[in-house]
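Taking it in order: structure first as structure tokens, then the write-up.
The values are calculated or read from the model by the stated rules, or taken from the named source; none is laboratory data. Keep in mind that this is a model prediction, so the values were computed, not measured. Neighbour counts are summed over all protein chains in view; Cβ atoms, including those assigned to glycine, are modelled from backbone coordinates with ideal geometry. Areas reflect the complete protein model, heavy atoms only, side chains present, ligands, DNA and RNA absent. Shrake-Rupley method; radii C 1.70, N 1.55, O 1.52, S 1.80 Å.
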Amino acid sequence: MAPGQIIKVLIGVVVGLVVAIWLLAKLATGGYNVDAEVMTKEAVAARLKPVGESKASDAPPGMRNGEQVFKAICISCHGQGLAGSPKFGDAAAWGPRIAKGWDTLTQHALQGFNAMPAKGGAADLTDDEVKRAVAYMGNAGGAKFTEPPVGGAGAPADPAVVGKKIYETVCTNCHAAGVAGAPKFGDKAAWAERTKVGLDEVQKIATKGLNAMPPKGGFAGSDAEFRAAIEYMVNNSK
């Protein structure tokens, strides 16, 4: 074989080996080509962001405590300290953050900070649920924060936020279409007839249950949050 032919054969072998190694690398990585050091903050946040609505627990909206929110949502980053987040229980990492104060920490958690999206990407969490999670994690890192109380008699609940969420997860089953005689959401005439006795009386009747409606419509949360759901439906039916 002539020298020129030998060189061509050797070049072909080298090229073939390079192609084979590249194909094996693609197979091993599933075709992904991610350079973690050059990923933007937005890209990191997108990868860490939970998909869809959070499922922090089976507790009703607004009723999840800090531990429940952490274990279902925050642990995805804070469990291992991903993307620069302070690792749960790491006092050294949490110390400088705690020193900034409660207001700053909760503001960052609610609005988003660095790679972390607002509310950790769980838009269905109430502000108080986020604050409870901040307190839970902060306290594990050496803080002495107090979690906002969960429910309880007299605890304020915003109808436009908490009431809306309860309606969408519980009350909508009947009130959206007016099932079994329930006043339909947005039906001014139906709700006007029922609210003539006042909202306090409406709440008493609904709490006990009426006709096909079980007590509290099957809602297991506090009276204050149940009241918020009633006010939300009434306010949207005027």
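Counting Lys +1, Arg +1, Asp -1, Glu -1, what net charge surrounds PRO183 among other residues with beta carbon under 15 Å of its beta carbon? Summing Lys/Arg as +1 and Asp/Glu as -1 gives +1. Close amide H partners of MET116, meaning residues 5 or more places away or on another chain with modelled amide H under 5 Å apart, do not exist here. Stokes-Einstein diffusion of the range 77-135 at 25 °C, 0.890 mPa s viscosity, Kirkwood radius from Cα pairs, rounded to a whole number: 211 µm²/s. Which of the chymotrypsin sites (Phe, Trp or Tyr not before Pro) found in the range 145-238 are loop residues per DSSP with 15 or fewer other Cβ atoms within 10 Å of their Cβ? Taking the range 145-238 and a limit of 15 other Cβ atoms within 10 Å, no loop chymotrypsin sites (Phe, Trp or Tyr not before Pro) are found. By the equivalent-ellipsoid construction on the alpha carbon gyration tensor, the range 115-197 comes out with semi-axes of 36, 15, 9 Å, ordered largest to smallest.
Under a 5 Å amide H cut-off, with hydrogens placed 1.01 Å from N, GLY141 pairs with GLY89 among residues at least 5 apart or on other chains.
Spatially, the range 72-110 and the range 179-238 are offset by 40 Å when compared through their Cα centroids.
Using only Cα atoms, what Kirkwood radius does the range 64-166 have, in angstroms? Taking every pair of different Cα atoms in the range 64-166, averaging 1/r and inverting gives 13.9 Å.
A crude spin-label estimate for the pair GLN80 and GLU67, with each label 7 Å from Cα along the Cβ direction, gives 2.5 nm.
Please give the length that would be gained between LEU199 and LYS184 if that part of the chain were fully extended, namely 0.36 nm times their separation in residues minus their C-alpha to C-alpha distance (nm, one decimal).
Result for the pair: 3.7 nm of gain on full extension.
Figure note: THR169, THR207, THR146, THR126 ranked by solvent-accessible area, largest first, 1.4 Å probe, ligands and nucleic acids not counted: THR146, THR169, THR207, THR126. Here ALA123 and ILE21 are evaluated by their C-beta separation; at R0 = 41 Å the FRET efficiency comes out at 0.40. Estimated at the nearest 10 Å², the accessible area of ARG194 is 100 Å² with a 1.4 Å probe.
Extending 7 Å from the Cα toward the beta-carbon at both VAL14 and LYS238 defines two label points whose distance is 8.2 nm.
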